[in-house]
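Structure, as structure tokens:
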Amino acid sequence: MASQSSGGSLYNWHASDFRGAFSMDAVIKKPADAVAGTPAGDRPSREEAERAVRTLIAWAGDNPDRDGLRDTPRRVVKVYEDFYAGYRASAEEALERTFEDLGDYDDIVILRDIPFYSHCEHHMVPIVGRAHVAYYPGEKVVGLSKLARVIDIYARRLQTQERLTSQVVSAVDEALKPRGIAILIEAEHQCMTLRGIHKHGASTVTTQFTGVFRDDPAEQQCFLTLVGRSR
């Protein structure tokens, strides 16, 4: 069952509400890009990054000069450019183009089952999950692919799931000024499944509600039903 904090912006879905899930709270914070990347002048060169990978290979106990590993530093740096492409992208720019011709439509807009992958900022191992985003339009809407793009921009950074949830809400709220936003993110954290307590199959669920979703429990239930998470 959901409980609301005294501030009115924090909801906690207990583990009993989602089978196999650990609950986490997400609080909306602005600006959406609160976590800054490395200043341009301080970013290591590609050669320095490749040397760092060689050091890690040697530290792990292998020989970075053997045939199978000789090109690994170059490949790792290249794949990191993809894993962390979000540091070089802007959610504000992704949501810049909006549309005001809504006709008579004034109901919910929902994009569900958006797959994403990210990396835990504590261990740099994968977070793999799905996101569901909904909003009640105010005076404008955005292309649906842009919502998925915003999730990718924030996911492709070193992250916590709580901050990812909050950043997506903040970006959509700032760009569209909707009457309400709802988001639910469910993900498996491999820092829990590949190491530590090795709890395979455990998933983490974070939610955030604003506006009409925050103020009306019936709207929350409608959202959860539409994304297939009602009880």
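The values are calculated or read from the model by the stated rules, or taken from the named source; none is laboratory data. Note that the structure is a prediction, hence the values are computed from the model and not measured. Backbone-built Cβ (ideal geometry, glycine too); neighbour counts: all protein chains shown.
Condition (residue is acidic (Asp, Glu) and under 18 Å from LEU147 (Cα atoms)) applied to the stretch 180-201: is it met by at least one residue?
There is at least one residue in the stretch 180-201 that is acidic (Asp, Glu) and under 18 Å from LEU147 (Cα atoms).
Could you run through the stretch 187-212 and say how many residues are among the small types (Gly, Ala, Ser), surrounded by fewer than 21 Cβ atoms within 10 Å (Cβ to Cβ) and either free of Cβ contacts under 8 Å to residues at least 60 places away in the same chain or out of contact with any Lys or Arg (no Cβ under 7 Å at 6 or more places or on another chain) (or both)?
4
Take the residues of the stretch 184-213 that are among the charged types (D, E, K, R) and at pLDDT 85 or above: which is nearest to GLY138 (Cα to Cα)?
Per the criteria, the residue is GLU186.
Hey, can you tell me all the residues within the stretch 112-153 that are in a loop (DSSP other than H, G, I, E, B) and basic (Lys, Arg)? Working first, answer last.
Here is the first cut: in the stretch 112-153, the ones in a loop (DSSP other than H, G, I, E, B) are 121-125, 137-140, 143.
Once the filter is applied, which keeps residues that are in a loop (DSSP other than H, G, I, E, B) and basic (Lys, Arg), the stretch 112-153 yields only LYS140.
State whether one or more residues within the stretch 93-102 are in contact with a strand residue (DSSP E or B) (Cβ under 7 Å, 6 or more places away or on another chain), of a type outside the set (S, T, N, Q) and crowded, with 16+ Cβ neighbours inside 10 Å.
Within the stretch 93-102 (the criterion being in contact with a strand residue (DSSP E or B) (Cβ under 7 Å, 6 or more places away or on another chain), of a type outside the set (S, T, N, Q) and crowded, with 16+ Cβ neighbours inside 10 Å), the answer is yes, since at least one residue qualifies.
Go through ALA155, ALA148, ALA60, ALA131 for me and flag whichever is among the small types (Gly, Ala, Ser) and more than 23 Å from VAL227 (Cα to Cα).
Numbers: ALA155 fails: more than 23 Å from VAL227 (Cα to Cα); ALA148 fails: more than 23 Å from VAL227 (Cα to Cα); ALA131 fails: more than 23 Å from VAL227 (Cα to Cα).
Exactly one of ALA155, ALA148, ALA60, ALA131 is among the small types (Gly, Ala, Ser) and more than 23 Å from VAL227 (Cα to Cα), namely ALA60.
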